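See structure below.
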Amino acid sequence: MASVTLRADEAFELCETITRTRARNFYYGIRLLRGDKRAGLCAVYALARRIDDIGDGDLSRQDKLDALAEVRRSLADLAHPGAHCGDDPVFTAIAELAGRLPLPLGAFEELVEGVEMDVRGRRYAEFDELVEYCRCVAGAVGRLCLAVFGARTPIAGSAGGSPIAGSAGGPDPRAPEYADTLGIALQQINILRDIREDFGNGRVYLPQQELDHFGVHLALDEHGNLVDAGGALTALIQYSAQRARQWYERGLALLPLLDRRSAACCTAMCGIYRRLLDRITERPSLVFDRRLSLSGWQKAEVAMRALTRASA
């Protein structure tokens, strides 16, 4: 059967369907965007989701590495003018998006690299190594989102005298660093939320140096819950949560560089993780026996608060 070339609008619609059904946290923010930016962010999410799914799927290690190599080849093809993506809706949408925005396609390759670390079962000796991983799997996604949002140097203009993003300011060179930092912060929160689930899947992200320092030996009890011998794991989680909060606060410097709708989207997506971080900080034991999450109405509340602030 001959390959069918999808129209760009069809491809974006399919990417939005993927995002709406799979992005349990991010779609609450994405839907605050208007038309073209919502479509662009859904395309970014759809490809990122595909890459993540390879790493988390049931294929053998070698088959996962082969599938990731195929993604790399497809990304390399996008670098050629007039790239033909056939009937693949995700790459069709990304190709169209890259044709009109300065989309850093290399960031997708970083994401592939990070997923390869998972597939190979990499462990992290110290925090700086973990930051490298977080930059690949989350900081890269932050920079991709920034390309869709756009960022400008703040100019005076709000009623209260605080800076707002304006076209007269020109592109702000600090924005990619802030987006990267925010992504790294969110991944740290992910790691704390998923300690039990990841350990059950043979993955440990907490740096060995810090496990040793706090005297933590990760283990599950007879009920499948994390063991907290002498409160050591609680202490490590509280320490890690405080550090994640510092990264998060630094990354929030991105928000004044975005237009109002983009800032609302970013605030909603990040606000959900901030709520999770607050709960983990208050009661680390919440992650010992479950995968902590917010309810649908709690996520919707965060999104509405973000939109209300952006409209003020």
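Things to note:
- GluC sites (Glu not before Pro) within region 59-147, DSSP loop, no more than 16 other Cβ atoms inside 10 Å: E126
- Amide H contacts for D259 (H built 1.01 Å from N in the peptide plane; partners 5 or more residues away or on another chain; cut-off under 5 Å): none found.
- Whole-Hz ³J(HN,Hα) from phi, Karplus 6.51 cos²θ - 1.76 cosθ + 1.60, for region 62-79, glycine and proline x: 5, 5, 5, 5, 5, 5, 5, 5, 5, 4, 4, 5, 5, 5, 5, 5, 5, 6
- Of the Cα atoms belonging to region 123-312, the radius of gyration and Dmax stand at 18.3, 62 Å.
- In sequence order, region 186-202 has phi-based couplings of 5, 5, 4, 5, 3, 4, 5, 5, 10, 3, 5, 4, 5, 4, x, 9, x Hz under the Karplus curve 6.51 cos²θ - 1.76 cosθ + 1.60, θ = phi - 60°, and Gly or Pro positions carry x.
- Magnitude of the charge dipole for region 1-75, about its Cα centre and with charges confined to Cβ atoms of Lys, Arg (+1) and Asp, Glu (-1), is about 340 debye.
- Secondary-structure-derived ellipticity at 222 nm for the chain, considering helices only, amounts to -20000 deg cm²/dmol, per-run term -39500 (n - 2.57) for DSSP H runs with n ≥ 4.
- Close amide H partners of R174, meaning residues 5 or more places away or on another chain with modelled amide H under 5 Å apart, do not exist here.
- Pairwise FRET efficiency - D9 versus W297, Cβ, R0 = 41 Å, nearest 0.05: 0.80
- Phi to ³J(HN,Hα) by Karplus 6.51 cos²θ - 1.76 cosθ + 1.60 over region 223-239, Hz, x for Gly, Pro: 9, x, 9, 5, 8, 10, 5, x, x, 5, 5, 4, 5, 5, 5, 5, 4
- Global geometry of region 1-105, whether rounded, prolate or oblate, following the gyration tensor of its Cα atoms and the 1.5 cut on a/c: oblate
- Ranked by how many other Cβ atoms sit within 10 Å of their own Cβ, fewest first, the residues D180, D289 fall in the order D289, D180.
- Counting every other Cβ atom within 10 Å of each residue's Cβ, V115, V71 order from fewest to most as V71, V115.
Computed from the coordinates by the stated procedures, all read-outs in this text should not be read as laboratory data. Note that this is a predicted model, so its numbers are computed, not measured. As a convention, Cβ positions derive from the backbone with ideal geometry for all residues, glycine included, and neighbour counts pool all protein chains shown.
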